[in-house]
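The values are calculated or read from the model by the stated rules, or taken from the named source; none is laboratory data. Source: prediction; values computed, not measured. Note that each Cβ is placed from the backbone with ideal geometry, even for glycine, and that neighbours are counted across all protein chains shown.
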Amino acid sequence: QYGMGGALLQGGKPVAFCSRSLTETETRYAQIEKEYLAICYSLNKFHQFIYGKRITVNSDHKPLVAIQEKDINKITSRLQRMRLKTLKYNFKIEYLPGKQMFIADLLSRFYINKNTMDDPEMLEVVHCVEMELPISRDRLEEIINKTETDHTLKIVKQFCESGWPNHKSQFNNAELKHYFKIKNELVTKNGIIFYNNKLVVPESLRKYMLQQLHKVHFGIEKTKRRGRKLFYWPRLSSDIENFVTNCGVCKKFSRANVKEPLIPHEAPELPFEKVGSDILEFNRNSYLVVVDYYSKWIELKKLNNKTVKEVITKLKEIFSTFGVPSKFVSDAKEINMELSFASPRYPKSNGLAEKAVGICKNMLKKCEETNSEIFGHLLEYRATPLSGLDESPAELLNSRMLRTTLPITKTQLKPKVVNINTEAVKQSCTMIGMQKLVPSLKTMSMSI
């Protein structure tokens, strides 16, 4: 608990030994992080002997074997940093029962007690919750306090800091048994518990978080995908399902999902390479809807009138932000630019734009019902993972998550290259409910 040690063996015979005490910060690491820290420390100490050679690392902490085989983006930030430090070594981790690890065990118990400085890189706050209004600093303090007063999470936090029991049979609490199964992915920082960079929400705050998740009234699946990306607690999915099912606004504006024949649709290879557009009419107002075929990012612009000049002006505003697309799908022949025209007599052939119009119209109805602004609804749509994908439109288009009014870690907000499942993107373009595509291709010019 307060020290670590290692031994370098060749042919079963000792070559070198190492040990040291843990710093005050390191004593608060989760158990699995302490175990991996011992590996990092030992590899670094024995660098002159092992660099460039294939070696085996024995550990009595069995979960390390599975952690080493996991994708690096699926483990906690602190473990990610440790793994990155060990990439220069060629090693594999094997489980060895503690009773056979007597040398390392002895060294970790009778460690060299000297002043050890914290690693500056590891001191970076890797699990820091940053909030945006209306979730203020007071709300952050509330999460910390509610975690401390939550009977189950208080025990979980203690176990994360001092070590878990060997068997879940020691628990009478069903939630504690659940957290025991994922104990190796749980970490604490500044009084808050995280599971794979997601906030573990105390029971007394779950209703509030559900209200925030569903404030723009997306459906069950969209709300689930959004919630699972940010939060964690047992039965999260079922709680979301019950909450959305009983929402009065959603009941009022629910739509029957009519299954229509699917048509193939060419999928773009790049963000904003191919976009579609259509006009939306709502409450005597006209809106231009533009949607990116790759990321499903939606832009909604209110039109002063429906003249060609006004539409082109709004398109230029959008293109000045995202760039000019290679292909533009529209059924409005009057727009003077390079287009891939859908059939003007059959507007549903412009399927993705028609779908985007339906999404925006539904948003506007719910804005009117709840007396809220459309901007918040668009923000939540762009930040919510798409059906069949783990990524949101913002991640597909901009390679980063958007900050909303929901709690989110700094780690999640950092830009990162998204590993796109190309087939999944293609499938999402193909599965647009339409009956028949009758393209009428035409090329026109426009100066941007």
- request: Test each condition in (1) at pLDDT 90 or above; (2) surrounded by fewer than 18 Cβ atoms within 10 Å (Cβ to Cβ); (3) not β-branched (Val, Ile, Thr) for Arg255 and report the one that comes out false.
  value: (1)
- request: Check whether at least one residue in region 173-189 is part of a loop (DSSP other than H, G, I, E, B), closer than 30 Å to Gly376 by Cβ and touching a strand residue (DSSP E or B) at 6+ places or on another chain (Cβ under 9 Å), and report yes or no.
  value: no
message: Let me confirm something: among Leu270, Leu300, Leu315, which residue is at negative phi, assigned to a helix (DSSP H, G or I) and in contact (Cβ under 8 Å) with a residue 12 or more places away in the chain?
response: Leu315
message: Which pairs turn up if I take residues in region 374-400 that are touching a residue at least 12 places away in the same chain (Cβ under 8 Å) and surrounded by fewer than 17 Cβ atoms within 10 Å (Cβ to Cβ) and look for partners that are outside any loop (DSSP other than H, G, I, E, B) and hydroxyl-bearing (Ser, Thr, Tyr) with beta carbon separation below 8 Å, at least 6 apart in sequence or on another chain?
response: Ser387/Ser428; Gly388/Ser428
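Residue-wise test of (1) in a loop (DSSP other than H, G, I, E, B); (2) among the acidic types (Asp, Glu); (3) modelled with pLDDT under 85.
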position	(1), (2), (3)
Val329	no, no, yes
Ala353	no, no, yes
Ile359	no, no, no
Lys366	no, no, no
Thr411	no, no, yes
Ile420	yes, no, yes
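Listed here are the residues, each with its yes/no results for (1) under 13 Å from Tyr29 (Cα atoms); (2) crowded, with 21+ Cβ neighbours inside 10 Å.
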{"site": "Ser162", "(1), (2)": "yes, no"}
{"site": "Pro165", "(1), (2)": "no, no"}
{"site": "Phe171", "(1), (2)": "no, no"}
{"site": "Glu175", "(1), (2)": "no, no"}
{"site": "Lys181", "(1), (2)": "no, no"}
{"site": "Thr188", "(1), (2)": "yes, yes"}
{"site": "Asn196", "(1), (2)": "no, no"}
{"site": "Val200", "(1), (2)": "no, yes"}
{"site": "Tyr208", "(1), (2)": "no, no"}
